[in-house]
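Remarks on the structure that follows.
The values are calculated or read from the model by the stated rules, or taken from the named source; none is laboratory data. As the structure is a prediction and not an experimental result, all values here were calculated from the model. As a convention, Cβ positions derive from the backbone with ideal geometry for all residues, glycine included, and neighbour counts pool all protein chains shown. With ligands, DNA and RNA removed, areas are computed over all heavy atoms of the protein, side chains included. Shrake-Rupley method; radii C 1.70, N 1.55, O 1.52, S 1.80 Å.
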Amino acid sequence: MYLGTMTTVADAEEVGVMLAWGEKDTVALDSQGVIQRIWSLQYITPRSWTEETLKKQMQTRPKTLMLVKGHRGIEGNEKADERGGRG
């Protein structure tokens, strides 16, 4: 999924979590900052449509973000890395 030229890595990670949470309740990522940013949505006003969607997903049913040391061997991530984050 192309997100535009002004998109940050953190924005792209949020979109990945949003899409994954549409299918699964647990997502693993290697960015503690993004995990904190997403979980803070429970207490702050979302800044984008992506964050609004994430907030609604968390309110619908319990969700888990799991911090991993790196993405090696995480299903789907290797393919995303090969494309340079472009879908």
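Take the stretch 21-47 and flag every residue that is assigned to a helix (DSSP H, G or I) and either open to solvent by 30 Å² or more (accessible area, probe 1.4 Å) or modelled with pLDDT under 90 (or both).
GLN32, GLY33, GLN36, ARG37, TRP39, SER40, GLN42, listed by residue number.
May I ask you to list the residues in the stretch 61-79 that are over 13 Å from the mean Cα position of the chain (by Cα) and either among the hydrophobic types (A, V, I, L, M, F, W, C) or modelled with pLDDT of 90 or more (or both)?
Listed by number, the residues that qualify are VAL68, ILE74.
Would a scan of the stretch 7-14 turn up a residue that is modelled with pLDDT under 85, out of contact with any helix residue (DSSP H, G or I) (no Cβ under 8 Å at 6 or more places or on another chain) and surrounded by 11 or more Cβ atoms within 10 Å (Cβ to Cβ)? Break it down into steps so the answer makes sense when it comes.
Taking the stretch 7-14 and keeping what is modelled with pLDDT under 85, we get 7.
Then keep just the ones that are out of contact with any helix residue (DSSP H, G or I) (no Cβ under 8 Å at 6 or more places or on another chain); that gives 7.
If we keep only those that are surrounded by 11 or more Cβ atoms within 10 Å (Cβ to Cβ) too, we end up with 7.
The answer is yes, given that some residue of the stretch 7-14 is modelled with pLDDT under 85, out of contact with any helix residue (DSSP H, G or I) (no Cβ under 8 Å at 6 or more places or on another chain) and surrounded by 11 or more Cβ atoms within 10 Å (Cβ to Cβ).
Checking MET58 against (1) farther than 17 Å from ALA12 by Cα; (2) open to solvent by 70 Å² or more (accessible area, probe 1.4 Å), only one condition comes out false. Which one?
Unmet condition: (2).
When THR50 is evaluated against the numbered criteria (1) open to solvent by 30 Å² or more (accessible area, probe 1.4 Å); (2) in contact (Cβ under 8 Å) with a residue 12 or more places away in the chain; (3) of a type in the set (Val, Ile, Thr), which criterion, by number, is the only one it fails?
Only one criterion is unmet by THR50, namely (1).
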